[in-house]
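The structure appears below as structure tokens.
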Amino acid sequence: MAAIQINGGSDKQNAWASKIAADWLAVLDAEISNTALRQDPSLNWYADNLQASRNSLMAGFAKVTAKQVIDMHTAKISPVRSLIEKARAK
């Protein structure tokens, strides 16, 4: 699991938000890994889109506060789901 540090809250909020973010990233990494295991050249575009989505997610983590991550998690809003759907659509 990747080490992600989310800030902008108390120590407890930051730790919880960082764990949530790491869980989101793990889901995306699993999709990337599963796509690579298929070894299907026709899926290269999808793997590239997933990697671009991962990079976008990592860049986004630097811009959000712990409260924003916790609020998304509490509302059951997962940015990963929409990133995977967008990667499939491209």
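The values are calculated or read from the model by the stated rules, or taken from the named source; none is laboratory data. These numbers come from a predicted model, not from an experiment. Glycine also receives a Cβ, built like all others from the backbone with ideal geometry; neighbour counts cover every protein chain displayed. The area values use the complete protein model at the heavy-atom level, side chains included, leaving out ligands, DNA and RNA. Shrake-Rupley method; radii C 1.70, N 1.55, O 1.52, S 1.80 Å.
Structure summary
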| item | result |
| --- | --- |
| Filter pass, Ala26 being assigned to a helix (DSSP H, G or I) and under 11 Å from the mean Cα position of the chain (by Cα) | yes |
| Helices (runs of 4 or more DSSP H) (entirely within the range 40-90) containing at least 3 residues that are under 12 Å from Leu28 (Cβ atoms) and under 14 Å from the mean Cα position of the chain (by Cα) | 44-61, 79-89 |
| Residues (acidic (Asp, Glu) and over 21 Å from Ile77 (Cα atoms)) located in the range 1-53 | Asp11, Asp40, Asp48 |
| Qualifying positions in the range 36-56 - open to solvent by 50 Å² or more (accessible area, probe 1.4 Å) and without any contact (Cβ under 8 Å) to a residue 12 or more places away in the chain | Ala36, Leu37, Arg38, Gln39, Asp40, Pro41, Ser42, Asn44, Asp48, Asn55 |
| Filter result for Lys19 (modelled with pLDDT of 95 or more, outside any loop (DSSP other than H, G, I, E, B) and not small (Gly, Ala, Ser)) | yes |
| Test result for Ala30, without any contact (Cβ under 8 Å) to a residue 40 or more places away in the chain, open to solvent by less than 50 Å² (accessible area, probe 1.4 Å) and not hydroxyl-bearing (Ser, Thr, Tyr) | yes |
| Filtered residues of the range 4-14 (kept if open to solvent by 60 Å² or more (accessible area, probe 1.4 Å) and assigned to a helix (DSSP H, G or I)) | Asp11, Lys12, Gln13 |
| Scan of the range 57-74 for residues that are small (Gly, Ala, Ser) and open to solvent by 70 Å² or more (accessible area, probe 1.4 Å), ordered by number | Ala62 |
